[in-house]
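Got a structure here, written out as C-alpha cells. Questions coming.
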Amino acid sequence: MIDSMRTILVGFSLAGFLLVGWSAIECTHLRAMNAWAGSSPQPKSAKAVGDAERGRAVFNGKGVCYYCHGIDGYLDDRPQLAADTTALIAQLNPPPTDLRNQKAQYLKSDNLRAQAIREGHPGTGMFPDQTITNQELTDMLAYLALLRSKGATKIK
C-alpha cells in the first residue's frame, strides 16, 4: 500500500514538475513573441494638451473673460454690457491687464494664471471662476499663450 501511494505521489510530483516547466517555457515563448511584435504603446503624458480654439470660445463665452479683457483680448473691444457693469469695469484699479502685451502681465507662468482664473487675482477686480472644467482651463491657457505670441495681430 505504501509503495503504491509513493508511486502515485511521485507521479503527481513529476506531473507538477512538468506543468511548472511547461508554464515557464510558454511564458518565455509569449514574452519573446511580444518583444518581436514591438513594445506596447507608452501611456500618454499626464499633462493635458490645450486646444487654443476651444480656449478662445471659453474666453469669449462661458469664462466671461472678455467682459474686462476685451473680445479676443483687445482691451478696446469689449462687448455691449449693462451700463452699471461697464461703469464698474471702468473703475477697476488696477485696470484689467492687456493679455496681448507680455511686458504688462504680472503672472509669468501657466500655474499662476490657472490659480488666478480658479481663485481670483488678489489686488485686482478678477474674481474666481469655479464653473469651467479642467479641460476648459487647459484650453484657455493655450489660448492665452496664443494671445501673448500674436500680440496686437488680429486673430481670425
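Which of the residues spanning region 120-156 are in contact with an Asp or Glu (Cβ under 9 Å, 6 or more places away or on another chain), modelled with pLDDT under 90 and not in a loop (DSSP other than H, G, I, E, B)?
Of everything in region 120-156, nothing turns out to be in contact with an Asp or Glu (Cβ under 9 Å, 6 or more places away or on another chain), modelled with pLDDT under 90 and not in a loop (DSSP other than H, G, I, E, B).
Search region 48-71 for residues being over 22 Å from the mean Cα position of the chain (by Cα) and outside any loop (DSSP other than H, G, I, E, B), and hand back the single one that is surrounded by the most Cβ atoms within 10 Å (Cβ to Cβ).
H69
Restricting attention to region 77-117, which residues are within 19 Å of L147 (Cβ to Cβ), free of Cβ contacts under 8 Å to residues at least 24 places away in the same chain and charged (D, E, K, R)?
Correct list: D77, R78, K103, K108.
With respect to I71, is the statement that it is in contact with a Lys or Arg (Cβ under 9 Å, 6 or more places away or on another chain) and modelled with pLDDT of 95 or more true?
It is true that I71 is in contact with a Lys or Arg (Cβ under 9 Å, 6 or more places away or on another chain) and modelled with pLDDT of 95 or more.
Could I ask something else about it? Just to be sure I understand the filter: pairs with C-beta atoms under 7 Å, separated by 6 or more residues or on different chains, first member in region 49-63 and more than 8 Å from Y143 (Cβ to Cβ), second member crowded, with 21+ Cβ neighbours inside 10 Å and of a type in the set (A, V, I, L, M, F, W, C). Which pairs pass?
G63/M140
Considering only residues that are at pLDDT 90 or above, surrounded by 15 or more Cβ atoms within 10 Å (Cβ to Cβ) and assigned to a loop (DSSP other than H, G, I, E, B), which ones fall in region 93-119?
P96, T97, D98, L99, R100
N34 - would you say it is at pLDDT 85 or above and either of a type outside the set (D, E, K, R) or touching a strand residue (DSSP E or B) at 6+ places or on another chain (Cβ under 7 Å) (or both)?
Spelling it out, it is not the case that N34 is at pLDDT 85 or above and either of a type outside the set (D, E, K, R) or touching a strand residue (DSSP E or B) at 6+ places or on another chain (Cβ under 7 Å) (or both).
The values are calculated or read from the model by the stated rules, or taken from the named source; none is laboratory data. Predicted model, so just to flag it, every value in this text is computed and none were measured. In this analysis, Cβ positions are derived from the backbone assuming ideal geometry, glycine residues included, and neighbour counts consider all displayed protein chains.
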